[in-house]
Amino acid sequence: MYPSGDKEETAINIAVACNLLLPIEYMDQVIINKTTASDLEKAKRIFKAELEVSIMIRIRIRMMMMMMMMMMMMMMMMMMMMMMMMMMMMMITIY
């Protein structure tokens, strides 16, 4: 997990233990502190930028999933059409 000794890391470990956060292996964690943001406005900008990136990634993933579903549906339709054509050919050869 995280090395102990630092208050920030201890807080993260407690949040993970209480299921308020997922472990770092399962989510991206953005830490905003005095080192990354010297004032409140900078902290807000960092948070907003990270949130926008996260939303864009989720949108792209959903779009890719939708495209994959559409492709699967098209493949199924093509298979059904092929089966129908084969059945029609069988009927023609029988008569």
Task: In the stretch 2-30, residue farthest from residue 51 (Cα to Cα) [restricted to those that are modelled with pLDDT of 85 or more and among the polar types (S, T, N, Q)] - done: 10
Open item on the list: Whether any residue in the stretch 13-22 is in contact with a Leu (Cβ under 8 Å, 6 or more places away or on another chain) and surrounded by 12 or more Cβ atoms within 10 Å (Cβ to Cβ) is what I want to check.
Closed with: yes
Task: Of all residues in the stretch 50-64 being under 11 Å from the mean Cα position of the chain (by Cα) and under 29 Å from residue 37 (Cα atoms), the one that is surrounded by the most Cβ atoms within 10 Å (Cβ to Cβ) - done: 54
TODO: Determine whether residue 67 is more than 30 Å from residue 6 (Cβ to Cβ), under 25 Å from the mean Cα position of the chain (by Cα), assigned to a helix (DSSP H, G or I) and not aromatic (Phe, Trp, Tyr).
DONE: yes
Open item on the list: With assigned to a loop (DSSP other than H, G, I, E, B), among the polar types (S, T, N, Q) and without any contact (Cβ under 8 Å) to a residue 60 or more places away in the chain as the only criterion, which of 54, 38 stands out?
Closed with: 38
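The values are calculated or read from the model by the stated rules, or taken from the named source; none is laboratory data. The model shown is predicted, which means the values in this text are computed figures rather than measured ones. Using ideal geometry, Cβ is built from the backbone for each residue, glycine included, and neighbour counts are taken over all protein chains shown.
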